[in-house]
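The values are calculated or read from the model by the stated rules, or taken from the named source; none is laboratory data. Bear in mind the structure is a predicted one, so any value in this text is a computation, not a measurement. All Cβ positions, glycine included, derive from the backbone under ideal geometry; neighbour counts span all protein chains shown.
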Amino acid sequence: MSQRFIVTKEHRRFTEFADAVRRGHTIGLCFGSAGVGKTLSARRYAHYEKAHDLLTYWGPRSDNDAKIYAALNRSRTVLYTPSVLTTPRTLKDELTQAITRTNMCIGQHLVPPGTATPEAWGWRHGRNYVELIIVDEAERLRPAALELLRDRYDRDDIALILIGMPGLEKQFSHY
C-alpha cells in the first residue's frame with residue numbers, strides 16, 4: 001500500500017490510547033463505525049506496512065532489514081487480524097509465530113552485528129520484547145479465543161487492544 005497517511009486528530013487519539021494501554025499493561029477496547037480509521041491507525045502504530053512482508057514471508061535476511069528491526073523495536077507491537085473462521089488453536093499458533101518473529105527482529109536490532117554468541121542467542125529467544133498485541137476485527141473471535149487472549153495477557157504481561165465495530169463493548173462486557 002503506497003497511500004500517503006494523513007495524521008489526523010483521531011489518529012493522534014488512537015496513538016495516545018495505545019501508548020496508555022501499553023504503559024499500563026492493561027486491556028483496551030477500540031470501537032467505532034467502519035471507515036473512521038481504526039485499522040489504519042493500528043497499522044501505522046505497529047509499523048505493519050514496513051514489517052508485514054518480513055514477518056509473513058520469513059526467509060533470508062538482508063542489510064535493508066535493519067530499518068524494519070528499528071521500527072519494530074520502537075513500536076514493540078504485534079498487529080493480528082483473525083480470519084472469519086479462526087479457531088482458538090489457529091489464533092494461538094499464529095499469534096505465537098508473530099510474537100516470536102517480532103521478538104527475533106527486535107533482538108537483531110538490540111544486539112550489534114557480530115557480537116551475538118550462541119549463549120546470548122539462547123537467552124534472547126527466552127526474552128519477550130513485545131509489549132502490546134492489537135487484535136483487529138475482534139468481533140470475529142469466539143468466546144474460547146477471547147479466553148485464550150485473556151490468558152496470554154495474564155501469563156505474559158502483554159497489553160492488549162481489541163478493535164471492532166460498534167457493539168463490541170457489549171459483546172465483551174461480561175469479560
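Any residue at all in the stretch 111-120 that's under 17 Å from the mean Cα position of the chain (by Cα), at positive phi and either surrounded by fewer than 12 Cβ atoms within 10 Å (Cβ to Cβ) or at pLDDT 90 or above (or both)? No.
Checked against (1) modelled with pLDDT of 90 or more; (2) among the charged types (D, E, K, R); (3) out of contact with any strand residue (DSSP E or B) (no Cβ under 7 Å at 6 or more places or on another chain), D136 meets all criteria but (3).
Entry remark, the stretch 1-54: residues being β-branched (V, I, T) and either closer than 15 Å to Y80 by Cα or at pLDDT 90 or above (or both) number 5 in total.
Kindly check whether there is at least one residue in the stretch 82-90 that is over 20 Å from L146 (Cβ atoms) and out of contact with any strand residue (DSSP E or B) (no Cβ under 7 Å at 6 or more places or on another chain). No; the residues of the stretch 82-90 include none that is over 20 Å from L146 (Cβ atoms) and out of contact with any strand residue (DSSP E or B) (no Cβ under 7 Å at 6 or more places or on another chain).
Before we move on, is P143 more than 11 Å from the chain's Cα centre (by Cα) and at pLDDT below 80? Against the criterion (more than 11 Å from the chain's Cα centre (by Cα) and at pLDDT below 80), P143 does not qualify. Summed over the stretch 127-161, the residues that are assigned to a strand (DSSP E or B) and touching a Lys or Arg at 6+ places or on another chain (Cβ under 7 Å) give a count of 2. Among the residues of the stretch 77-89, those identified as more than 14 Å from G164 (Cβ to Cβ), in contact (Cβ under 8 Å) with a residue 12 or more places away in the chain and surrounded by fewer than 17 Cβ atoms within 10 Å (Cβ to Cβ) are S83, T87, P88. Among the residues of the stretch 36-49, is any without any contact (Cβ under 8 Å) to a residue 12 or more places away in the chain and either within 22 Å of L149 (Cα to Cα) or of a type outside the set (V, I, T) (or both)? Scanning the stretch 36-49, I find no residue that is without any contact (Cβ under 8 Å) to a residue 12 or more places away in the chain and either within 22 Å of L149 (Cα to Cα) or of a type outside the set (V, I, T) (or both), so the answer is no. Note on the stretch 1-76: enclosed helices (runs of 4 or more DSSP H) holding 3 or more residues that are crowded, with 19+ Cβ neighbours inside 10 Å and out of contact with any Leu (no Cβ under 9 Å at 6 or more places or on another chain) are 38-46.
Beta carbons closer than 9 Å, at least 6 apart along the sequence or on distinct chains, pair a first residue in the stretch 50-72 that is closer than 11 Å to Q108 by Cα and of a type in the set (D, E) with a second that is surrounded by 14 or more Cβ atoms within 10 Å (Cβ to Cβ) and modelled with pLDDT of 75 or more for D65/L54; D65/C105; D65/Q108.
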